[in-house]
Amino acid sequence: METTVIAGQRQALIHLLRSGKTPREAALELGRSVPWCYKWKERYEQEGWAGLEEHSRAPRHIAKKTPERIRAEILRIRSELEAEAQSKDKLGYIGADAIYGRLRASGCQAVPSISTIERILRRAGVTRPWIPKAEVEVQYPHLKPTAAHQLTQVDIVPHYLTGGESIACFNSIDVVSRNPAGKQYTAKRSMDAVDFLVHSWHELGLSDYLQMDNESCFSGGYKHPGVIGKVVRLALWVGVQPVFSPFYHPESNSFVERFHQDYSGFVWEKEHLEDLAAVRQRSALFFPNYRNSHHHSALKGKSPFEIHQASPVRKLPANFSLPDRLPITAGQVHFLRAVDKNRNVLILNKTWSAGLGVPKQGVWATLSLTPKGATLRIYDSAPDVTKRRCLAVHPFPLNEPVVALQPQFASRIASPSWWQILLGIFNRPALTPSTMS
């Protein structure tokens with residue numbers, strides 16, 4: 001009965017509209033909403049009287065169930081990848097993308113989509129449970145660059161060849177100019193990271209700050225407390241200040257994370273790549289196109305290359321070569337960290353008191369290295385903030401000497417002004433040696 005009444009109202013609506021009534025007048029007369037009248041008016045205009053009938057709400061396409069043998073093969077490959085991840089010579093990728101690559105390489109017919117593989121893994125209980133973000137998200141300090149060559153972000157995005165082999169794609173991007181550089185490797189070792197940074201600096205020049213995540217190839221590993229890794233030593237050697245993002249917080253590296261999408265879409269989603277040479281060849285096509293593109297709304301019609309070249313740049317010498325052993329060079333290393341419930345932060349595999357910091361507070365820690373010694377200071381803000389508070393000071397033990405920065409790399413080093421140094425001194429908490437850890 002109710003269906004018949006509603007159908008009658010739809011027909012009455014059309015009669016009123018055809019008699020010259022407006023949708024608003026018809027809605028008032030029928031006791032219906034104006035959007036309802038427009039909906040059925042449009043349906044009638046498109047389909048005639050038949051359009052006034054209720055359309056079926058059943059899905060037009062019913063998803064096909066993944067065959068059991070494919071499901072079993074996905075779980076078997078996942079198990080293989082987990083075992084391989086324990087090898088020091090393997091990249092350790094075990095996600096749906098890696099499984100997808102293995103399935104294709106095996107000649108499997110009708111390979112499921114990556115989203116289907118993820119769903120099968122999740123239902124099998126072999127993935128890590130999703131942990132929702134805390135209600136109160138930690139707010140981290142961050143730099144606010146205003147010109148090119150002030151801050152470069154670096155990150156690695158994994159991909160897989162047609163044969164299933166893993167490729168580590170290192171990308172970097174200048175935060176202000178959006179000018180990128182990239183290089184691809186079959187592994188993500190510290191030596192690969194060092195090679196990439198040299199490549200990136202030849203392409204982009206030396207920036208004041210270099211921000212990256214806490215991958216072991218960047219940080220120096222997770223075993224030795226107080227480790228000063230190869231990448232950190234290299235950056236300090238050329239007068240660049242490393243900045244390590246918070247743990248598990250890709251939002252802090254948002255510019256390079258967003259760039260990964262453009263890179264992957266062009267290089268990896270449009271072609272099946274057979275080997276590293278093919279990857280590098282296609283990547284070499286992408287980067288010049290991106291640098292000269294005018295698609296960035298933030299650049300107001302200019303290309304990344306134009307913005308990048310408009311600011312003075314420190315060049316890496318064309319004949320640059322690494323010393324036999326990289327020393328620790330005078331400079332600063334920075335860390336974005338969250339204060340834990342015990343008022344501590346984890347920096348270089350060692351726990352430090354955050355002093356006046358409070359739990360769930362995002363802090364900025366700076367390790368200052370000089371020939372006279374090293375000091376770790378923890379602040380509530382980034383170094384480019386006019387007024388910031390020093391929360392804790394700790395002496396940092398070193399097992400080797402710190403060498404002075406070479407003159408050829410000494411220009412345009414981002415360092416605090418005299419008033420910032422004084423401000424740090426006056427805001428420094430009174431800590432006794434017994435309270436330092």
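Residues whose amide H falls under 5 Å from that of ARG314, counting only those 5 or more places apart or on a different chain, are LEU206, with hydrogens built in the peptide plane. According to the Cα-based calculation, Rg over Rh for the range 68-124 is 0.96, with Rh computed by the Kirkwood formula.
For the chain, averaging the sequence separation of C-alpha pairs within contact (under 8 Å, six or more residues apart) and dividing by the residue count gives a relative contact order of 12 percent. Pairs of alpha carbons in the range 2-52 separated by more than 14 Å make up 45% of all such pairs. Check cross-link reach from LYS270 to the lysines: straight Cα distance under 30 Å, and skip same-chain residues fewer than eight apart. Output for LYS270: LYS64, LYS65, LYS90, LYS183, LYS188, LYS300, LYS302. In the chain, the sites counted are GluC sites (Glu not before Pro) in DSSP loop states with at most 13 other Cβ atoms within 10 Å, and the longest stretch holding none of them, exclusive of the sites, is 275-437.
Taking only the C-alpha atoms of the chain, the Rg (one decimal) and the largest Cα-Cα distance, Dmax (whole number), read 29.1, 94 Å. Each listed q (0.09, 0.12, 0.18 Å⁻¹) maps to a log10 I(q)/I(0) for the range 235-358 from the Debye sum over equal C-alpha point scatterers, namely -0.47, -0.82, -1.19.
Go ahead and estimate [θ] at 222 nm for the chain from helices alone: -39,500 (n - 2.57) per DSSP H run with n ≥ 4, summed, over the residue count, rounded to 500.
That comes out to -10500 deg cm²/dmol.
Rounded to two decimals, what ratio of Rg to Rh does the range 227-280 give with C-alpha atoms and a Kirkwood Rh?
With Rh from the inverse mean 1/r over Cα pairs, Rg/Rh is 1.12.
Laboratory data are not the source of any read-out in this text; all were calculated from the coordinates shown. Please read all numbers here as calculations on a predicted model, not as lab measurements. All Cβ positions, glycine included, derive from the backbone under ideal geometry; neighbour counts span all protein chains shown.
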